[in-house]
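The values are calculated or read from the model by the stated rules, or taken from the named source; none is laboratory data. All values reported here derive from a predicted model rather than from experimental measurement. Positions of Cβ are backbone-derived with ideal geometry, glycine not excepted, and every protein chain shown enters the neighbour counts. Keep in mind that these areas ignore ligands, DNA and RNA; they rest on the heavy atoms of the full protein, side chains included. Shrake-Rupley method; radii C 1.70, N 1.55, O 1.52, S 1.80 Å.
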Amino acid sequence: MPMLTLAATLVRVVVFVPKRRGLMLRMMFAPHRLGRLLAGCLLMAAMAVWQGTFTTVKSALVTAVGGFPADRFFADLEAALFGVDPWRLLHGPSAGSEGMLRLAELNYGILWSVAMMAMLYFVATSPRADGLRLRYFASFILTWFLLGNVFAAAGMSAGPVYFGAVTGDTARFAELVATLSATSDLPFSAANLQAYLWQAHVGGQGGFGTGISAFPSLHVGVMTLNALFLRELDRRLGLAAFAYAGLIWVSSVYLGWHYVVDGAFSVAVVLALHPLLRRAFRAARA
Amino acid sequence: MTMHSASLADGTPYRAAGYAPPAGSLLAGLPRQVVRAVRADLPVYLMIAAYALAGLGWASRHGGIDPALFSTYLLAYLATRWC
């Protein structure tokens, strides 16, 4: 990310600044900005400790709770709300479309991670985020803790693609699993990632992003959080980010990672948390 | 107009706003700025430390922590910062 930013900055100056490039470069690399960049990089590295702890706790939660007891409840709840398992509604219009599946996989598996890291990096390193930084990191850490630890323990579930493995009812989501397997020979396919996570879970192995828990959706929660903060910086950017959070929610169901209620609950928690923290920080500053 | 006479839209000189380097080396003043920025981030470090202590403490009471596993997580996540 730092290298990418450096390259983008240099290209921006060379291509879009016809005159006084030296002045522009000196401004961009002024001690004030470089100091923030280096401190931000240090902060990003420290976040690895938090993320490593989060994954450790997430993996231990399944043992502490004793498996995934809530899958049947969430599957029945969304089937009652929609009259059918919702993934069928989403796959209906694009049945058999490998292209749509591929787009959803790349967006959900890769673009989401890039968007999350880019926002963290921007807030950590940019002087433009000076007024938001502490509140954003507090919100980010609290969102992951509440959604990924506290509420995940309360409603421990594995998700539709693992429904057969955790309940014994392999028939209910068998068609979804079969549909997703269409791209299993391609890199970053949902089917491959889902198999990797299950193998890591069963074998007790650790690694990047391991640990299974569907409820609530952190993918949706983090993008909703980002949208709320981006809206404070730029209204139009915020609206686009909300649309992206919606797309992630739909994708999470389309790819069989989550039940619809997983995303709904995350949005509700983040929307409730945001004004509370905003008020708390304002009060602390006063 | 030279660098040192340039100013922001509100009239604040670049140097006074912290955007322009002091005369001489571009890196002069950098260590002080890094220390100032890290100090401003201290509450985040405290949150990370508090979560790590509480989280790892909880995990050690529920199945234990495998140091090799935790190192794997750390290295994997650190790699995402720079790759």
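The B:A28 and A:D234 beta-carbon pair, evaluated with R₀ = 35 Å, returns a calculated FRET efficiency of approximately 0.55.
How much length would be gained if the chain were fully extended between A:V17 and A:L186, taking 0.36 nm per residue of separation minus their Cα-Cα distance, in nm to one decimal? List each step's numbers first, then the result.
Details: separation 169, 0.36 × 169 = 60.84 nm, distance 4.18 nm.
Additional length available on full extension: 56.7 nm.
Computed from the C-beta positions of A:A280 and A:A171, the FRET efficiency with R₀ = 41 Å rounds to 0.25. With the simple model of a label 7 Å out from the Cα in the direction of the Cβ, A:L6 to A:L25 spans 1.4 nm.
In order along region A:227-234, the phi-based Karplus estimate (6.51 cos²θ - 1.76 cosθ + 1.60, θ = phi - 60°) of 3J(HN,Hα) comes to 4, 4, 6, 5, 5, 6, 8, 7 Hz; Gly and Pro are listed as x. Here the Karplus relation 6.51 cos²θ - 1.76 cosθ + 1.60, evaluated at θ = phi - 60°, turns the backbone of region A:264-270 into coupling constants of 4, 5, 4, 4, 4, 5, 5 Hz, with x for every Gly and Pro.
From the C-alpha coordinates alone, can you work out the Kirkwood hydrodynamic radius of region B:32-82, in Å?
Details: mean 1/r = 0.0769 Å⁻¹.
So the Kirkwood estimate lands at 13.0 Å.
Using a simple spin-label model with pseudo-atoms 7 Å out from Cα toward Cβ, A:S126 and B:H62 lie 3.6 nm apart.
Think of a 1.4 Å ball rolled over the protein heavy atoms: chain A then has 44 Å² of accessible area per residue. The modelled label-to-label distance between A:L111 and A:Q199, using points 7 Å beyond Cα along the C-beta direction, is 2.8 nm. Prolate is the label for the protein assembly as shown, because a/c, from the alpha-carbon gyration tensor with a ≥ b ≥ c as root eigenvalues, is 1.5 or above and a/b exceeds b/c.
Total Å² of accessible surface buried at the B-A contact, 1.4 Å probe, nearest 100?
Values: alone 7200 and 14660 Å², together 17550 Å².
Separately minus together, B and A give about 4300 Å² buried.
Peptide A:57-66 has a mean of 4 when you count, residue by residue, the C-beta atoms of other protein chains within 10 Å of its C-beta.
Once neighbouring chains are kept in place and the probe is 1.4 Å, which whole percent of the accessible area of chain A is contributed by carbon and sulfur? Don't skip to the end; give the middle numbers.
Values: 8590 of 12580 Å².
Carbon plus sulfur share of accessible area: 68 percent.
Across region A:175-190, rounded Karplus estimates of 3J(HN,Hα) from the backbone phi angles (6.51 cos²θ - 1.76 cosθ + 1.60, θ = phi - 60°) give 5, 5, 4, 5, 5, 5, 6, 4, 10, 5, 8, 9, x, 6, 6, 4 Hz, Gly and Pro being marked x. Among the residues of A:32-44, the average count of other protein chain beta-carbon atoms within 10 Å of the residue beta-carbon is 6.
Summing Lys and Arg as +1 and Asp and Glu as -1 over all other residues whose Cβ lies under 15 Å from the Cβ of A:R20 gives a net charge of +4. Accessible area of A:L10 (1.4 Å probe, protein heavy atoms only, ligands and nucleic acids ignored): about 80 Å².
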